[in-house]
Amino acid sequence: MSEGGIDEDLKTRVAWLYYVEGMTQDEVAQKVGLTRARVLRILANARNDGTVQIRVTSRLSLCIELERQLEATWKLERAIVVPTPEDADSLYRIIGCQLGAFLSSAIEPGMNVGLGWGNTLTNAVSAIEPREADGVNVVSLLGGLTRVADVNPSEFAWRAADRLSAACHMMAAPVFAPDRVTRDALFRHAGIAEVMRRARMLDMAVLSLGDLTPHSVFSAYDLLSSDEIASLGNAGVVGDILCQFVNAEGEVVDHPVNDRVVSLKPEGIREARRIVIASGGWNKVTIMRAALKCLSPSVVITDEVVAERLAAG
């Protein structure tokens, strides 16, 4: 049984009759012996958990043009640009869906894949096509959260590993240690040291980026105090790469918060054979530009608002 007590076979049958055979909701309800309201709930559940994934096969010409411009300006292997949605709250889900589809085709057997975390990456999970075990290793590139209200974005690595039937290597520590001494001691822990070793041998690193606006994960989950966020801003920070706070040039700033971070540093990320950045929204433009300078990624997935501003360099 799946979430909400819906039998998987029933959910799949309802989705098949509606999306593939083209029946109306009333016809589906009559066929399977349920009420129309129940069918609606099953279809919504199927969309939310990835059982049904809808693709629009034609592309907006503006997005295609922006992709080519981004690729030329930043020497990218590939850019994927999505239309900026009317509802800004849906942007994480839309970019996440594109990321999940990309990973489904780009991850090959035996690869070592390093993953960051965040709302965009969390939304990619349901779009990753489940597969049989084929030697893929997933490596979490930073510590996790110790308190959350609903979905824990630091769960992305093991949830993605489950979809890929991959081994998962977690950095089992809080993303922010209380002080530098504790952080350094954590890095000496045999288990975390092994994860860090694997993190420096990646075929692919997949990241989202954070900012310091009131919408950021640091504010939403009270990871940093308002005084710390203000202090980072005064130090020239424009956002973070795996919770390492950087300036507009992508340089890690000298700040006490950075001394407490349990994560792979940008120089370690650059050792990956392929770097994928998925992030969007007007508030991410500056940190996106900084990450492009710092990491020279192979693939960027973003929205047209960000792409327009980055295309000029």
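The values are calculated or read from the model by the stated rules, or taken from the named source; none is laboratory data. In this text, all values refer to a predicted model and were calculated from it rather than measured experimentally. Glycine also receives a Cβ, built like all others from the backbone with ideal geometry; neighbour counts cover every protein chain displayed. When the accessible area is computed, the model is the full protein with side chains, heavy atoms only, and any ligands, DNA or RNA have been set aside. Shrake-Rupley method; radii C 1.70, N 1.55, O 1.52, S 1.80 Å.
Just one of the listed residues (SER231, SER225) is without any contact (Cβ under 8 Å) to a residue 12 or more places away in the chain, under 18 Å from VAL261 (Cβ atoms) and surrounded by fewer than 19 Cβ atoms within 10 Å (Cβ to Cβ), and it is SER225. Within segment 302-313, residues that are open to solvent by less than 10 Å² (accessible area, probe 1.4 Å) have Cβ atoms under 7 Å from residues that are basic (Lys, Arg) in these pairs: VAL306/LYS284; LEU310/ARG289, counting only partners at least 6 apart in sequence or on another chain. ARG309 passes every criterion in (1) touching a helix residue (DSSP H, G or I) at 6+ places or on another chain (Cβ under 6 Å); (2) within 16 Å of LEU99 (Cβ to Cβ) apart from (2). Select, from GLN53, GLN69, the only residue that is in contact (Cβ under 8 Å) with a residue 60 or more places away in the chain, under 20 Å from ALA124 (Cβ atoms), in contact with a helix residue (DSSP H, G or I) (Cβ under 9 Å, 6 or more places away or on another chain) and not basic (Lys, Arg). Exactly one residue qualifies, and that residue is GLN53.
Okay, residues lined up against (1) modelled with pLDDT under 95; (2) under 24 Å from VAL262 (Cα atoms):
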{"residue": "LEU103", "(1), (2)": "no, no"}
{"residue": "GLY110", "(1), (2)": "no, no"}
{"residue": "SER126", "(1), (2)": "yes, no"}
{"residue": "GLU129", "(1), (2)": "yes, no"}
{"residue": "LEU141", "(1), (2)": "no, yes"}
{"residue": "ARG147", "(1), (2)": "yes, yes"}
{"residue": "GLU194", "(1), (2)": "no, yes"}
{"residue": "ASP203", "(1), (2)": "no, yes"}
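Applying the criterion of at least 1 residues that are free of Cβ contacts under 8 Å to residues at least 60 places away in the same chain and either within 14 Å of VAL217 (Cα to Cα) or β-branched (Val, Ile, Thr) (or both) to the strands (runs of 3 or more DSSP E) found wholly in segment 103-182 leaves 137-140.
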